[in-house]
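Okay, so here's the structure we're looking at.
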Amino acid sequence: MGTAPVFCPYIKKGGVKMKYAKVLILLLVVVLIGCSTFTDSKSANPGMLEPQAILKFADIPVPVGLKNLPQQSYSFESSGVRTGVLKYQGKSNPDQLINFYKEQMAMYNWSLVNIIEYGIRLMNFEREDESCIITMEPKGSNVLLIISLGPKSQNVSKKAKAPVK
């Protein structure tokens, strides 16, 4: 029986150096494969915003990079009724924010009612019992994001008995 080919003349088959060489090659392969499979989500989608992990309202996402302004915000929840005005500030592109909310709010069953743009951008969303208004105000190189949440008014179709004069 012949001997196996040797990669290095100083390493003998079955020796201690051969075991270290195999471990080193295996480790190198694992590191190279691991580095190629893990990519940064921002480098994979440079124009996409990611939602924050911790949210005040679990079904209203906020992009990563915007800082909560708790002194200017409030929220209230009781018996299934939620209301609040949450303010965030940070560097973000308003067009990316519009796309972020179009995509993310739909994932939480919010329906886009309309978008109003006049320097300040407003997005109106609704679901069965709630409405949410997302306002984006440019503040120099930053943007002020305001999330307003409240119950929808009940559709009461009462006709006036007499015309208002």
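The values are calculated or read from the model by the stated rules, or taken from the named source; none is laboratory data. These numbers come from a predicted model, not from an experiment. Neighbour counts run over all protein chains shown; Cβ positions are idealised from the backbone, glycine included.
For the reader, a short list of remarks on this structure follows.
- Within region 41-70, the residues that satisfy the criterion of being part of a helix (DSSP H, G or I), modelled with pLDDT under 70 and surrounded by 10 or more Cβ atoms within 10 Å (Cβ to Cβ) are 41, 42.
- Of the strands (runs of 3 or more DSSP E) lying entirely inside region 71-155, those carrying at least 2 residues that are among the charged types (D, E, K, R) are 81-90, 120-126, 130-139.
- Residue 81, sole failed condition from (1) closer than 25 Å to residue 154 by Cβ; (2) at pLDDT 95 or above; (3) not acidic (Asp, Glu): (2)
- With respect to the stated conditions, residue 92 is more than 20 Å from residue 57 (Cα to Cα) and among the polar types (S, T, N, Q).
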